[in-house]
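I have placed the structure first, in the form of structure tokens, so that the comments after it can refer back to it.
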Amino acid sequence: MLTFSNVFKSFPNEIETIEVLKNISFRIETGEFVAIMGPSGSGKSTLLGIAAGLDKPDNGSVVLDGVNLSEEDESILADLRADRIGFIFQNFQLLPGLTAIENVGIPLYLKSSLSEKEIFETSEKILESVAMSHRATHFPKQLSGGEEQRIAIARSFVNDPKIIFADEPTANLDSKNSKTVLDLLLYRNKEEKTTLIIVTHDPNVAKLADRVLEMKDGEIVSEYRPKTGKGSTTNPKSNLLKTNSKSKLKTKPGNAKSPKKANKKGGK
């Protein structure tokens with residue numbers, strides 16, 4: 001599903017060039033839930049952005065669902081994100097001038113073949129699946145942090161993605177809202193078989209994953225499986241990590257229904 005091969009990324013400033021990712025290699029299988037952990041500044045969010053096609057590496061290759069992200073132009077990457085990727089930002093990134101249902105529908109507007117009615121109906125169903133129908137016409141400033149995150153999650157579900165990337169999805173939430181968010185993501189992963197990659201500092205999130213990758217100073221230094229306790233320290237220069245296992249964990253959101261498939265009539 002997702003393969004990094006010898007990926008490097010750096011950012012220059014006035015004084016020096018800072019190496020953010022150093023020879024990163026790993027593989028994530030379809031339907032897997034992988035948590036990425038590490039201290040602040042270890043390169044986790046940069047890795048996530050490159051994996052989702054939001055940025056490109058300096059060297060190396062990134063292949064997502066058969067597409068080499070390192071070689072494609074922005075128009076191809078935009079189509080890929082619209083069709084196959086859901087992304088949840090750490091600070092929600094809702095547009096303040098749009099209502100909840102309009103924010104949810106943004107990815108569908110990128111599919112020009114969908115009608116306004118189809119976009120509205122699909123967004124409405126996804127809002128219902130995250131128990132937020134009653135907030136459909138509210139603006140972000142009228143929502144709590146937990147509600148904003150659920151709207152952001154609904155937006156990531158609306159295009160029926162094959163893979164979801166989440167950057168610290170519980171970082172700004174209390175324990176109750178954190179559980180709600182995790183339940184929604186786990187349900188999507190386990191029941192819909194959507195590949196899930198979460199960047200997190202929270203060990204309680206990581207322990208739910210099929211596999212954990214630990215980063216330090218721009219390198220993947222170890223990987224392990226929380227459910228078995230088995231793991232290994234990886235060689236940063238040769239750390240192509242493979243797995244074919246599938247978790248048997250079944251977690252259903254307490255008050256949420258299974259997200260229905262997005263209506264792709266007339267789509268690609």
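The values are calculated or read from the model by the stated rules, or taken from the named source; none is laboratory data. Being a predicted model, the structure only gives us computed values, none of them experimental. Using ideal geometry, Cβ is built from the backbone for each residue, glycine included, and neighbour counts are taken over all protein chains shown. Each accessible area value is taken on the protein alone, full model and side chains, heavy atoms only, with ligands, DNA and RNA left out. Shrake-Rupley method; radii C 1.70, N 1.55, O 1.52, S 1.80 Å.
Worth a mention:
- Average 1/r across all pairs of distinct alpha carbons in region 67-149, invert it, and you get the Kirkwood radius: 14.0 Å.
- Protein heavy-atom surface of region 98-224, 1.4 angstrom probe: 51% of the accessible area is carbon and sulfur, with nucleic acids and ligands not counted.
- Region 117-215: C-alpha gyration tensor shape, a/c 1.5 cut-off, then a/b vs b/c: oblate
- C-alpha center-to-center spacing [region 21-44, region 105-124] in angstrom: 32
- Rounded if a/c under 1.5, otherwise prolate or oblate - region 7-94, Cα gyration tensor axes: rounded
- Nonpolar atom fraction for region 1-40, defined as the carbon and sulfur part of the 1.4 Å probe accessible area, stands at 51 percent.
- Per residue accessible area in Å² of region 24-85, where ligands, DNA and RNA are left out and the probe is 1.4 Å: 37
- With the highest mean first, a sort of the peptides 87-93, 218-224 on other beta-carbon atoms found within 10 angstrom per residue produces 218-224, 87-93.
- Taken per residue, the accessible surface of region 131-218 reaches 36 Å², heavy atoms only and a 1.4 Å probe.
- A Cβ-based charge dipole, computed about the Cα centre of region 31-182 with Lys and Arg at +1 and Asp and Glu at -1, lands at about 560 debye.
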